[in-house]
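Visitor: Before anything else, here's the structure in question.
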Amino acid sequence: MKRFSKVKYPNKLFGDQRLTRTAKVVGGVLYAYRNALGVCRKSYGELANLAGVSSDTAAKAVRELKAAGYITMANTHYYDKKKGRVVRGKNVY
């Protein structure tokens, strides 16, 4: 028997008529994968895979959620020794 985690999604997010269905799904993924501090660290590719959409669609949904005031976003960077330069890391929501 499979065990599923129980996540209570915010009703305000899913009841907002301004958001598209895709934005609501991506918002639900962000909400489900947040840590104890309410922070989620996922790339657009990971979000797209979890939400079942393309990376471009996930990026558009994140911009929509940000414009609606549901999330804030910060880009991270780190030094990659193999590449010998600073590269972009996962986004922080």
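Visitor: So which of Val7, Val29 ends up being open to solvent by less than 70 Å² (accessible area, probe 1.4 Å), at pLDDT below 85 and not in a strand (DSSP E or B)?
Guide: After ruling out the rest, the residue left standing is Val7.
Visitor: Could you pull out the residue among Ala67, Ala58 that is in contact with a Leu (Cβ under 6 Å, 6 or more places away or on another chain), open to solvent by less than 100 Å² (accessible area, probe 1.4 Å) and in a helix (DSSP H, G or I)?
Guide: Details: Ala67 fails: in contact with a Leu (Cβ under 6 Å, 6 or more places away or on another chain).
Only one candidate qualifies: Ala58.
Visitor: Can I ask one more? Suppose the filter is farther than 25 Å from Val87 by Cα and out of contact with any Asp or Glu (no Cβ under 6 Å at 6 or more places or on another chain); does Glu64 pass it? Break it down stepwise before answering.
Guide: Numbers: farther than 25 Å from Val87 by Cα: yes; out of contact with any Asp or Glu (no Cβ under 6 Å at 6 or more places or on another chain): yes.
So Glu64 passes the test.
Visitor: Right, next: Would you tally the residues in region 11-26 being aliphatic (A, V, I, L, M), open to solvent by less than 40 Å² (accessible area, probe 1.4 Å) and at pLDDT 90 or above?
Guide: The number of residues fulfilling the criteria is 3.
Visitor: Here are some conditions: (1) open to solvent by 50 Å² or more (accessible area, probe 1.4 Å); (2) in a loop (DSSP other than H, G, I, E, B). Leu50 meets all but one. Which one does it not meet?
Guide: (2)
Visitor: Taking only pairs six or more apart or across chains, which ones have beta-carbon atoms under 7 Å, a first residue in region 30-47 that is closer than 16 Å to Leu13 by Cα, and a second residue that is open to solvent by 60 Å² or more (accessible area, probe 1.4 Å) and outside any helix (DSSP H, G or I)?
Guide: Filtered contacts from region 30-47: Tyr31/Tyr9.
Visitor: Kindly evaluate Tyr78 against the criterion of being open to solvent by 30 Å² or more (accessible area, probe 1.4 Å), modelled with pLDDT of 85 or more and more than 18 Å from Leu19 (Cα to Cα). Walk me through it before giving the result.
Guide: On the way: open to solvent by 30 Å² or more (accessible area, probe 1.4 Å): yes; modelled with pLDDT of 85 or more: yes; more than 18 Å from Leu19 (Cα to Cα): yes.
Taking the combined requirement at face value, the residue satisfies it.
Visitor: Can I ask one more? So, in region 59-93, of the ones that are closer than 14 Å to Leu13 by Cβ and touching a residue at least 24 places away in the same chain (Cβ under 8 Å), which residue ends up farthest from the chain's Cα centre (by Cα)?
Guide: Taking the candidates together, the pick is Ala68.
The values are calculated or read from the model by the stated rules, or taken from the named source; none is laboratory data. Note that this is a predicted model, so its numbers are computed, not measured. Quick reminder, even Gly has a Cβ in these numbers, built from the backbone with ideal geometry, and neighbours come from all protein chains shown. Remember, those area values only see protein heavy atoms, side chains included, never the ligands or the DNA or RNA. Shrake-Rupley method; radii C 1.70, N 1.55, O 1.52, S 1.80 Å.
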